[in-house]
Amino acid sequence: MALAERVQSRREGSPWTGLWAVVAKEMADHLTSARMRILEFLILLTAGGTVYVAMQQIRSAGISEQFVYLRLFTLAQDPLPALVGFLVFLVPLIAIALGFDAVNGEFNRKTLSRILSQPIYRDALLMGKFLAGLFTLALVFTAIWLLIFGMGMIGLGVAPGSEDVGRLLWFLLATVFYGGIWLALAQMFSVVFRQPATAALASIAVWLFFTVFWEILAGLLAQALHPIQFGLAQEILGQAQLQMTLERFSPNTLYAESMVALLNPTVRSLGLVLPSQLQGAILGTPLPLSQSLLLIWPHLTGLIAVTILIFALSYVLFQRQEIRA
Amino acid sequence: MRDVIVTRDLTKRYGNFTAVDNLNLTVRQGEVFGLLGPNGAGKTTTILMILGLTEPTSGQIEVLGYDPTRQPLTVKSRVGYLPDQVGFYDELTALENLHYIARLNGLNGKNADTRLQAALEKVGLQAVAHKRVGTFSRGMRQRLGVAEVLLKQPEIIIMDEPTQGLDPEGAREFLQLVQSLKEEGITILLSSHLLHQVQAICDRVGLFNRGRMELVGTVDELARKVLGRAYRVIVEVDEITPELTETLKAVPGAVDVHPLEGNRLAVEAAGEIRHEVAQAIVQSGRRLLGLYMEAQNLDEIYAHYFKEVEHGAR
Ligand SMILES: Nc1ncnc2c1ncn2[C@@H]1O[C@H](COP(=O)(O)OP(=O)(O)O)[C@@H](O)[C@H]1O
Ligand SMILES: [Mg+2]
């Protein structure tokens, strides 16, 4: 952010002048756009379907444990994956859809020079668009969460426990942060590429890379950097640990692990578990929420840090850009 | 008269290419200043630097006493800008588009509404205020652009190629609108590559070529400086004789006389000599069939001047 600071310290006036005007306009755009209707329909269908199936299973199996609401998110029945399985795809998709034409769209409509000739800084436009996307994500997923709670209350006939609600709220937060990364990425590509289609494609390429290839690559990298020469347990362990560290560079891994820790209270540790670490632990007893949160704290901060990093990069790129058509 | 825009040795380079080269421009309060030159001359670059939308490579700018590179918000809240390509959000109505701009300018509530209505009225678009901008013609968009600029009640309006893409009638109407803004005391800086179209409304013009502006002044001043004449009197007579040509050349103030097609002659002059020309024709015994004075044509001045510059450079 050195460049950003230098630019700002030389300039008079708040960089956030006009920010909320931008946020309001962009959110109104998002919420009324046809694109959003399609996505809302898609996610409603997914949530409705998976939660319904999960509910059937809960009823037929007669599950009546403490964390039954968490099960609504995680229970799958072939061939339908659980809701959480869908979220890993849907969240990036929606986030990318909200951001890929943020800046180049203004440019192509020839509105950019008009907007930037108003008494605002470019900061306000970029940040406003990001926040509007993030708030829209939050709004949509909050609505879905509420819908699921509603379905649960009607279908299961029990109210969610406070632990359920707490865990699901944190999961909601993690989901929005996870979306934030893809939103920031799509927005960055919308600064870099003049064509919205190119920006969308680039964002999807990055997402595919982390979804499909990163795990394989992390495995290969770990093998190359930490080869097993003598077959010692230490070596095997070291390699596995390296692979996991590498995998955690993927936002998908960070999100998936947060999801596991939050929705499965019995998970006591993420990643490799050594027998020595389990000594004294009573397997199967759920962790309190605060302990689970401690487990994923690095993950959440990681998600936010990456978002900020990508946003800062797009900020620098945008500052340098010529705005003329 | 106060100088509202002043640039000193303003320069913009893109790599090795100099788009604007040591520009010294002064625009005075209340005037219409025309920045004229062919495509690629550096007009848009100059305008963007004046608004603080592009960083100058070197040199200084003062707009209403503020520095647009350091105080862009102040400058942009007092200076309206109509870009060369005016785009709106097509799916929103005219009013909604203006509303957004009003909010970006910190205008809210009743104050904003009054200004919105006044601006739409000024440009004659109140009837279509609730129509989506997607249905607007190029001319209507241009006027909506002016309405948007008027929202902030600017002291200066900068227009980049405002008549481009308008049909002759539309361009004429638009220039009338510009004239009426000037009468309200707003200083106007406009750029154009169509010299003849805007010369009529410009108090002063600056001729721009390849990033340099070497000629500034009223059209008459430039004509005198470049062509050696400010007026051209065209006369039609029954017959052109060598004596008549000699007589006309001898009229005080006449610079040159040359025949045109038909029985017409052009008398180039440094001053207003219509009366003297008429007298000379009648006294020489010829019949005067017609006489009129041609306004100066910037295109001619421009072509002439830059031909000279190029010759000089060689
Ligand atoms: N971002 C840029 N990079 C390189 N050259 C540019 C850039 N923007 C403009 N130019 C060049 O600068 C010159 C002046 O452009 P411009 O100010 O748009 O001219 P005008 O508005 O008078 O037609 C042109 O030759 C143009 O090609
Ligand atoms: Mg131009």
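The values are calculated or read from the model by the stated rules, or taken from the named source; none is laboratory data. Remember, predicted model here, so these are calculated numbers, not experimental data. Cβ sites come from the backbone with ideal geometry, for glycine too, and all protein chains shown count toward neighbours. These area figures cover heavy atoms from the full protein model, side chains too; ligands, DNA and RNA do not enter into them. Shrake-Rupley method; radii C 1.70, N 1.55, O 1.52, S 1.80 Å.
Of all beta bridges DSSP finds with both residues in the protein assembly as shown, what is the antiparallel percent, to the nearest 5?
Rounded to the nearest five, the antiparallel share is 70 percent.
For A:Ser292, A:Ser269, what's the largest-to-smallest order of accessible area, 1.4 Å probe?
From most exposed to least exposed: A:Ser269, A:Ser292.
Just want the answer: with Cβ charges of +1 for Lys and Arg and -1 for Asp and Glu, which residue in A:Met36, A:Gly48, A:Ala174 is farthest toward the dipole's positive end in chain A?
So the residue we want is A:Met36.
Please list 3J(HN,Hα) in residue order for the range A:152-165, calculated via the Karplus relation 6.51 cos²θ - 1.76 cosθ + 1.60 where θ = phi - 60°; whole Hz, with x for glycine and proline.
Running phi through 6.51 cos²θ - 1.76 cosθ + 1.60 with θ = phi - 60° gives x, 5, 6, x, 9, x, 10, 7, x, x, 5, 5, 4, 4 Hz.
When only C-alpha pairs under 8 Å and at least 6 residues apart count, what is the relative contact order of chain A, in percent?
Relative contact order, chain A: 22 percent.
Relative contact order for the range B:205-272: what is it in percent, counting Cα pairs under 8 Å that are at least 6 residues apart?
Answer for the range B:205-272 is 30 percent.
Which aspartates and glutamates have a Cα lying under 15 Å from the Cα of B:Lys249, excluding residues fewer than 8 positions away in the same chain?
Within reach: B:Glu268, B:Glu272, B:Glu276.
If Rh is defined by the Kirkwood formula over all Cα pairs and Rg also comes from Cα, what ratio Rg/Rh do you get for the range B:231-295?
0.90
Tally up the carbon and sulfur contribution to the accessible surface of chain B as a whole percent, 1.4 Å probe, everything protein left in place.
47
Given a 1.4 Å probe and no ligands, DNA or RNA in the count, how much accessible surface is buried by A and B, both sides, to the nearest 100 Å²?
The A and B chains share an interface burying roughly 2900 Å².
Compute the accessible area per residue over the range B:231-295, keeping the other protein chains in place, probe 1.4 Å, unit Å².
In whole numbers, the range B:231-295 has 55 Å² accessible per residue.
Under the classification rounded if a/c is under 1.5, otherwise prolate if a/b is larger than b/c and oblate if not, where does the protein assembly as shown fall, given a ≥ b ≥ c as square roots of the Cα gyration tensor eigenvalues?
Cα axes put the protein assembly as shown in the prolate bin.
Using amide H atoms built in the peptide plane, which far-off residues or other-chain residues are under 5 Å from B:Val20 H to H?
HN-HN under 5 Å from B:Val20: B:Lys12.
Can you spot the lysines whose alpha carbon is less than 28 Å from B:Lys152's alpha carbon? Ignore those fewer than 8 places along the same chain.
Filter leaves A:Lys25, A:Lys110, A:Lys129, B:Lys43, B:Lys76, B:Lys110, B:Lys122, B:Lys131, B:Lys182.
Ranking request for peptides A:207-219, A:302-314: highest mean number of other beta-carbon atoms within 10 Å first, then the rest in descending order.
Per-residue mean Cβ counts within 10 Å order the peptides as A:302-314, A:207-219.
Provide the per-residue ³J(HN,Hα) series for the range A:173-188, in order, calculated from phi with Karplus coefficients 6.51, -1.76, 1.60 and θ = phi - 60°, each as a whole number of Hz, with x at glycine and proline positions.
Values, residue by residue: 4, 4, 5, 5, 5, 4, x, x, 4, 5, 5, 4, 5, 4, 5, 5 Hz.
Hey, any idea what % of the range A:128-214's accessible area is carbon plus sulfur with a 1.4 Å probe?
Within the range A:128-214, the accessible surface is 82 percent carbon and sulfur.
To test your reading of the geometry: what angle, between 0 and 90 degrees and rounded to tens, separates the Cα axis of helix A:83-99 from the longest principal axis of chain A?
Compared with the principal axis, the helix lies near 10 degrees.
Please report how far the C-alpha centroid of the range A:149-223 lies from that of the range B:226-286, rounded to the nearest whole angstrom.
Going from one Cα centre to the other spans 83 Å.
Under DSSP H, which helices of chain B have Cα atoms covering 24 Å or more of the helix axis and a Kyte-Doolittle average no less than -1.0?
none
So which residues of the range A:114-159 lose at least 10 Å² of accessible area, probe 1.4 Å, when you go from the chain by itself to every protein chain present?
A:Arg114, A:Ile115, A:Leu116, A:Ser117, A:Gln118, A:Pro119, A:Ile120, A:Tyr121, A:Arg122
Using a ≥ b ≥ c from the Cα gyration tensor of the range A:16-320 (square roots of the eigenvalues), is it rounded, prolate or oblate, where a/c under 1.5 gives rounded and otherwise the larger of a/b and b/c decides, a/b for prolate?
Taking the square roots of the gyration eigenvalues as a ≥ b ≥ c, the range A:16-320 is oblate.
Per residue of B:96-105, how many C-beta atoms from partner chains lie within 10 Å of its own C-beta, taken as a mean?
The mean count of partner-chain Cβ atoms within 10 Å per residue comes to 5.
May I ask you to derive the relative contact order of the range A:63-215, considering only C-alpha pairs under 8 Å and at least 6 residues apart, and to give it as an integer percent?
With pairs under 8 Å counted, the relative contact order is 39 percent.
For the range B:17-32, take each phi angle, set θ = phi - 60°, evaluate the Karplus expression 6.51 cos²θ - 1.76 cosθ + 1.60, and give the result in whole Hz per residue in order, putting x for glycine and proline.
7, 9, 7, 10, 10, 6, 7, 10, 10, 10, 10, 9, 4, x, 9, 9
Give me the residues in the range A:288-325 whose solvent-accessible area, probe 1.4 Å, is reduced by at least 50 Å² once all protein chains are included instead of the chain isolated.
Residues shielded by partner chains are A:Glu322, A:Arg324.
Name the aspartates and glutamates eligible as straight-distance cross-link partners of B:Lys307: C-alpha to C-alpha under 13 Å, and not fewer than 8 places from it in the same chain.
Output for B:Lys307: B:Asp299.
What whole-number value in Å² describes the accessible area per residue of the range A:153-252 for a 1.4 Å probe?
51
Please compute the average number of Cβ atoms from other chains found within 10 Å of each residue's Cβ in peptide A:106-112.
So the per-residue partner count for this stretch is 4.
Suppose only helical runs count, i.e. DSSP H with n ≥ 4. What mean residue ellipticity at 222 nm does that imply for the protein assembly as shown under -39500 (n - 2.57) per run, divided by all residues and rounded to the nearest 500 deg cm²/dmol?
Per the formula, -18000 deg cm²/dmol.
Where does the range B:66-200 land on Rg(C-alpha)/(2.2 N^0.38 Å)?
Taking the Cα Rg and dividing by 2.2 N^0.38 Å, one obtains 1.03.
How much of the DSSP bridge set in the range B:3-217 is antiparallel, in percent, rounded to the nearest 5?
50
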